[in-house]
Ligand SMILES: Cc1ncc(COP(=O)(O)O)c(C=O)c1O
């Protein structure tokens with residue numbers, strides 16, 4: 001029978017998905033997939049935080065709860081608490097009632113709703129993302145009708161920030177352009193600006209009338225402290241100017257599949273915020289009507305209760321220190337093997353990922369010979385490693401790739 005869709009072409013090869021498929025189809029019992037962005041335990045298993053289990057028990061026992069639709073903008077307590085988490089409980093913007101926060105489908109959904117709103121209501125439709133950036137950024141913004149440009153960010157020579165290049169490119173951006181800034185633990189590079197550099201970025205963004213759009217997917221994952229990781233965002237909010245913030249609880253609460261996050265828009269006045277809020281609701285309504293209830297209830301339960309909040313921060317620190325220890329162990333294992341090159345970037349980089357500097361040939365060699373998979377830009381998830389695999393498999397593989405493949 002003829003199909004209406006016989007002219008539909010297969011999609012172009014996606015570098016991220018192709019790594020996933022190659023790993024999935026590899027029958028080796030020792031295969032290791034380091035391409036994903038989810039935390040794993042020392043045993044290589046997904047982790048559900050104790051405090052999340054406790055909150056879920058509490059919710060399950062509460063017979064007053066029901067499954068009614070949430071309002072278009074989600075659970076009110078969730079929104080208030082999420083805004084406080086990123087802006088700080090004493091934020092003047094909150095006191096002055098000029099902040100709009102709506103519950104969205106995690107970080108991705110928050111970026112998407114923000115992008116749709118901007119495509120409709122912001123005059124300058126150019127949006128700048130770092131080079132490189134999370135692979136979904138350009139797709140999300142293009143789909144919303146924004147035009148995506150890049151600013152220099154990572155310098156492969158120093159394996160650090162190309163700060164000069166970043167400032168030059170942002171200086172040349174048109175007034176009103178939107179700039180996506182990853183709030184901390186930059187994906188994929190693991191390289192963040194220092195606080196002094198953030199201050200210079202802020203001055204430039206404000207003097208050029210650019211609109212900052214923070215992607216805050218890893219709050220707590222850079223330093224282990226939720227407040228320290230919020231410093232860059234708070235610096236921008238403190239100057240009274242506007243900004244967008246896409247917030248996610250996927251990583252820091254391990255709620256990946258619950259799809260829970262928030263879009264916060266800091267406005268210059270209460271009146272502007274009121275109108276912005278009602279227009280954001282018009283973006284949400286035809287898209288998914290109302291967000292899901294479970295993840296928002298978990299987050300709210302934890303953020304509301306000071307004991308649970310404390311337990312969460314301890315578990316979050318535990319995840320971060322395991323990652324830091326993996327960095328140290330990998331670095332030491334490469335030193336012990338005398339692997340040529342400077343590997344100090346592995347301990348200097350921040351957050352879940354490390355940019356190894358391996359080239360595509362070396363990465364394919366490692367996949368073929370050692371059954372270890374990473375994205376073709378050389379990014380590995382440090383959270384996917386354990387002492388055993390770091391020492392035995394990965395360091396051997398990197399050493400072989402560096403010494404045998406140019
Ligand atoms: C930089 C960045 N932003 C946003 C996200 C979105 O994650 P989620 O939609 O699960 O919150 C990710 C996920 O890997 C990310 O790395």
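Where a number appears in this text, it was derived from the coordinates with a stated rule and is not lab data. Fair warning: this is a prediction, and the values are worked out from it, not measured in the lab. Cβ: placed from backbone, ideal geometry, glycine included. Neighbour counts: every protein chain shown.
Brief remarks follow.
- Residues satisfying the stated conditions in region 241-255, i.e. near the ligand (Cβ under 9 Å from one of its atoms) and either closer than 21 Å to residue 177 by Cα or in contact with a strand residue (DSSP E or B) (Cβ under 9 Å, 6 or more places away or on another chain) (or both): 246, 247, 248, 249, 250, 255
- Residue identified as in contact (Cβ under 8 Å) with a residue 24 or more places away in the chain, over 19 Å from the mean Cα position of the chain (by Cα) and either more than 16 Å from residue 82 (Cα to Cα) or within 16 Å of the ligand (Cβ to nearest atom) (or both) among 266, 276, 233: 276
- For region 144-169, the tally of residues that are touching a residue at least 40 places away in the same chain (Cβ under 8 Å) and under 12 Å from residue 133 (Cβ atoms) stands at 1.
- Only one of the listed residues (372, 366) is free of Cβ contacts under 8 Å to residues at least 60 places away in the same chain, over 22 Å from the mean Cα position of the chain (by Cα) and buried (at least 18 other Cβ atoms within 10 Å of the Cβ). That residue is 366.
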